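Engineer: Below are the structure tokens for one structure; questions will follow.
FYI, it's all coordinate maths here, none of it is from the lab. Note that the structure is predicted; figures quoted are calculated from it, not measured. Every residue, glycine among them, receives a Cβ derived from its backbone with ideal geometry; neighbour counts consider all protein chains shown.
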Amino acid sequence: CWFEGDDRTMAIAAEQIDLQTRGIFRAPQDAIRVGKRPVKYFVSYAHADESLKADLLARLSAYLATHTAYAFELWHDKFIMAGKGWHQAIQTAIDECDFGLMLVSEKFLASDYIVAHELAHFVPAEPSDTAKPAIPVALKPLLFNGRMDLKGLKEIQIFHDGVRAFSDAGANTTKDRFCRELFEAISKRLDDHFGTAA
């Protein structure tokens, strides 16, 4: 037995789907991000420079919080919880970060741990090697005359305020200017890294 005539089953189903989904917008998988881009940054520093690090980060964080394109999330070793493995916590933070903020001083350069386990992720051993973006900052005065081993940083532009390191910026206004200019340098480096317009 069979029936002759129009089979409207498919047409009726299409009409029902259209009625139920009318006005619903489905964003494609490659939808444009709304809001600020999250940026995690890892701070590498020598513990002997704690007070300078705290001063610089307090000033810099205020500028970073005002960024129009990026939402910055800071990580340094003071965030390691008691009882956790500190070496693994540091390595995980480096793996998850978008860039490293290297607070360079003579004590930083003399630290075997920093050179072997932190700096190595940000400074390629060979020019053809890939590394995470690094923003080295002259926390204290450095020698660029060949007498100081800069542990691979001589090939990377180290940020300073003209010729001055952060520790030499005595007045609060000078320290604020140093951090404002560092904020600009970080912004430009991230724009270049992420390929976004300035």
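Engineer: Karplus couplings for the stretch 85-90 from phi (6.51 cos²θ - 1.76 cosθ + 1.60, θ = phi - 60°), rounded to Hz, Gly and Pro as x?
Structural biologist: Computed from phi, the couplings for the stretch 85-90 are x, 5, 5, 5, 4, 5 Hz.
Engineer: Provide, for q = 0.16, 0.22, 0.23, 0.25 Å⁻¹, the log10 of I(q)/I(0) from a solvent-free Debye sum over equal Cα point scatterers in the stretch 93-198.
Structural biologist: -0.77, -1.31, -1.37, -1.46
Engineer: What is the set of long-range amide H partners of residue 72 at a cut-off below 5 Å, with H atoms built 1.01 Å from backbone N?
Structural biologist: Distant-sequence amide H within range of residue 72: 39.
Engineer: So, one more: Return a whole-number percent for the relative contact order of the stretch 105-198, with Cα pairs under 8 Å and 6 or more residues apart as the contact set. All intermediate terms of the calculation are to be shown ahead of the outcome.
Structural biologist: On the way: 74 pairs, mean separation 22.0, N = 94.
Across the stretch 105-198, relative contact order equals 23 percent.
Engineer: Taking 0.36 nm per intervening residue step and subtracting the Cα-Cα distance, what contour gain separates residue 115 from residue 145 on full extension? Don't skip to the end; give the middle numbers.
Structural biologist: Values: separation 30, 0.36 × 30 = 10.80 nm, distance 2.04 nm.
Roughly 8.8 nm would be gained on extension.
Engineer: How many nm is it between the label spots at residue 51 and residue 174, if each spot is 7 Å from the Cα in line with the beta carbon?
Structural biologist: So the label points at residue 51 and residue 174 sit 1.7 nm apart.
Engineer: What are the ³J(HN,Hα) values, in whole Hz, obtained from phi via the Karplus relation 6.51 cos²θ - 1.76 cosθ + 1.60 with θ = phi - 60°, for each residue of the stretch 164-181 in sequence order, with x given for Gly and Pro?
Structural biologist: Working through the residues one at a time gives 9, 8, 4, 5, 8, 7, x, 6, 4, 5, 5, 5, 5, 5, 4, 6, 5, 5 Hz.
Engineer: Still on this structure, I have one more. How large is log10 I(q)/I(0) at q = 0.14, 0.23, 0.24, 0.27 Å⁻¹ when the Debye formula is applied to the Cα atoms of the stretch 148-198, each weighted equally and without solvent?
Structural biologist: -0.47, -0.92, -0.94, -1.00
Engineer: When the Karplus curve 6.51 cos²θ - 1.76 cosθ + 1.60 is applied with θ = phi - 60°, which whole-Hz ³J(HN,Hα) does each residue of the stretch 148-155 get, with x for Gly and Pro?
Structural biologist: Per-residue couplings from phi come out as 10, 6, 8, 6, x, 6, 5, 8 Hz.
Engineer: Set the Förster radius R0 to 45 Å, insert the Cβ-Cβ distance between residue 61 and residue 15 as r into 1/(1 + (r/R0)^6), and round the FRET efficiency to 0.05.
Structural biologist: Details: r = 57 Å, r/R0 = 1.28.
FRET efficiency, residue 61 to residue 15: 0.20.
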